[in-house]
Amino acid sequence: MPPAPAPRLRVDVSGLPRYVPGRVAPSDLVDKLSSNENPYPPLPSVLTSMREELGRVNRYPDAKSGELVRELSEALGVPPEHLVPGTGSLGVARDLLYAAAGEGDEVLFAWRSFEAYPLLVWATGATPVQIPLREERHDLEAMADAVTDRTRMIVVCNPNNPTGTAVRRDELERFLDRVPGDVLVVLDEAYREFVDDTDVPDGVELYRDRPNVAVLRTFSKAYGLARLRVGYAVAHPPVAAALRACTIAFSVSGLAQAAARASLHASDELLERVRTLVTERARVTRALRASGWTVPDSQANFVWLRLGARSRAFTDACEAAGVMVRPFGDEGVRITIGTPEENDRLLKIAGDWRA
Ligand code: PMP
């Protein structure tokens with residue numbers, strides 16, 4: 001019998017870039033500073049809400065995440081119809097891409113940036129256009145220059161993963177003034193809550209007067225719910241409606257809705273933890289610089305070391321000492337800010353390595 005033909009698929013994965021997630025920590029004895037997670041465990045009130053929800057897992061959740069949307073709408077001061085929750089901001093980003101771009105279109109983003117972008121763009125059939133960072137920062141002038149008739153979406157990761165650098169209000173506004181109104185600009189603000197520089201704009205303020213701007217936020221980082229997968233977009237009604245049309249039904253589980261709502265209710269306490277992490281970020285940055293490292297100013301919950309060809313060796317040295325960090329090829333290493341004790345251990349390794 002001749003071999004059965006392989007199914008014909010829309011996407012040929014052989015040439016696609018892969019998303020390489022941070023490895024699972026081999027044991028609890030390891031400090032996991034590799035996935036930009038929040039090091040603090042869930043609050044008791046969040047666990048209580050999830051426990052109540054557990055008794056209902058035989059039922060589908062609220063498909064519209066109605067209560068979550070209402071509470072987010074109050075917290076952010078935006079109309080509920082401008083909010084679209086989804087399966088992590090990654091899931092929302094994918095749906096937005098499907099809503100905006102396809103075969104023959106171009107999607108622009110800085111590089112290096114969040115490694116999921118090229119993969120998500122390829123899967124829509126659109127072409128990713130990567131604009132190199134300049135001195136570890138978005139080169140917004142070059143990004144605006146790169147817009148063509150085929151550009152359908154531009155993603156600005158602010159603060160940028162993995163460099164931690166953030167674009168300022170004046171440069172972002174100048175950029176938005178240059179981008180044609182029919183190109184969707186997505187401000188990926190996964191790390192927004194860690195920003196303490198007042199010159200870094202809040203996307204939710206910026207989007208209000210700009211129908212072509214959408215903002216992505218998540219409960220994974222500052223709110224510490226990475227494993228539950230819940231994020232959302234803030235966008236004007238035409239964009240929000242198109243996004244909803246591309247979202248699978250029930251994309252936010254009941255457990256995730258319950259935990260996200262309980263986290264919003266406890267946001268004072270959770271944002272206090274964020275302040276601790278921001279203080280630790282400053283301490284880690286100062287200490288690394290004092291021992292000779294070059295560290296870009298970070299506005300996120302991680303710092304970036306451009307180690308080039310030495311990235312793997314440094315990662316291995318950290319792992320040998322029980323600290324997991326994230327190498328990006330031969331470019332550099334990203335280190336998540338952990339608890340003060342975890343950061344102390346990292347600083348000891350980094351100090352010894354330089355010495
Ligand atoms: N955007 C950026 C810039 C990120 O770094 C991440 C997570 N690493 C995400 C989006 C996705 O986060 P989540 O899907 O957990 O909301």
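The values are calculated or read from the model by the stated rules, or taken from the named source; none is laboratory data. What you see is a predicted model; the values in this text were computed from it and never measured. Counting neighbours? That spans all protein chains shown, and the Cβs are built from the backbone with ideal geometry, glycine included.
Just a few scattered comments:
- The range 77-97: number of residues that are outside any loop (DSSP other than H, G, I, E, B), away from the ligand (no atom under 16 Å from the Cβ) and in contact (Cβ under 8 Å) with a residue 60 or more places away in the chain: 2
For (1) over 20 Å from Arg192 (Cα atoms); (2) within 15 Å of the ligand (Cβ to nearest atom), each residue gets a yes or a no:
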site	(1), (2)
Tyr232	no, yes
Pro237	yes, no
Ala240	yes, no
Cys246	yes, no
Ser251	yes, yes
Ala258	yes, no
Arg261	no, no
Glu280	no, no
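- Arg59 surrounded by fewer than 13 Cβ atoms within 10 Å (Cβ to Cβ), within 23 Å of Arg334 (Cβ to Cβ) and either charged (D, E, K, R) or in contact (Cβ under 8 Å) with a residue 40 or more places away in the chain (or both): no
- Val278 being farther than 26 Å from Pro201 by Cβ and β-branched (Val, Ile, Thr): no
- Residue count, the range 98-116 (criterion: of a type in the set (Phe, Trp, Tyr), in contact (Cβ under 8 Å) with a residue 60 or more places away in the chain and within 13 Å of the ligand (Cβ to nearest atom)): 1
- In the range 105-128, residue surrounded by the fewest Cβ atoms within 10 Å (Cβ to Cβ) [restricted to those that are β-branched (Val, Ile, Thr) and more than 14 Å from Val13 (Cα to Cα)]: Thr127
- Identity of the residue in the range 322-355, acidic (Asp, Glu) and outside any loop (DSSP other than H, G, I, E, B), that ends up modelled with the lowest pLDDT: Asp352
- Scanning the range 306-321 for residues that are outside any helix (DSSP H, G or I) and touching a helix residue (DSSP H, G or I) at 6+ places or on another chain (Cβ under 7 Å), we see that the one that is surrounded by the most Cβ atoms within 10 Å (Cβ to Cβ) is Leu307.
- Of all residues in the range 182-200 being in contact (Cβ under 8 Å) with a residue 40 or more places away in the chain and among the aliphatic types (A, V, I, L, M), the one that is nearest to the ligand (Cβ to nearest atom): Ala190
- Residue in the range 285-302 that is surrounded by fewer than 16 Cβ atoms within 10 Å (Cβ to Cβ), modelled with pLDDT of 95 or more and in contact with a strand residue (DSSP E or B) (Cβ under 8 Å, 6 or more places away or on another chain) present: yes
- Qualifying residues in the range 207-216 (those that are in contact with a helix residue (DSSP H, G or I) (Cβ under 7 Å, 6 or more places away or on another chain) and under 19 Å from Gly231 (Cβ atoms)) - the one farthest from the ligand (Cβ to nearest atom): Val213
- So Arg281, is it touching a Pro at 6+ places or on another chain (Cβ under 6 Å), surrounded by 19 or more Cβ atoms within 10 Å (Cβ to Cβ) and not β-branched (Val, Ile, Thr): no
- Some residue of the range 49-56 being assigned to a loop (DSSP other than H, G, I, E, B), more than 16 Å from the ligand (Cβ to nearest atom) and touching a residue at least 40 places away in the same chain (Cβ under 8 Å): yes
- Some residue of the range 121-137 being at pLDDT 95 or above, farther than 29 Å from Arg261 by Cβ and small (Gly, Ala, Ser): yes
- Within the range 123-148, residues that are charged (D, E, K, R) sit with their Cβ atoms under 9 Å from residues that are assigned to a strand (DSSP E or B), at 6+ positions apart or across chains, in these pairs: Glu136/Trp304; Arg137/Ala110; Asp139/Ala110; Asp139/Ile131; Asp139/Pro132; Glu141/Arg134; Asp145/Ile131.
- Any hit, the range 229-239, residues being in a helix (DSSP H, G or I) and touching a strand residue (DSSP E or B) at 6+ places or on another chain (Cβ under 7 Å): yes
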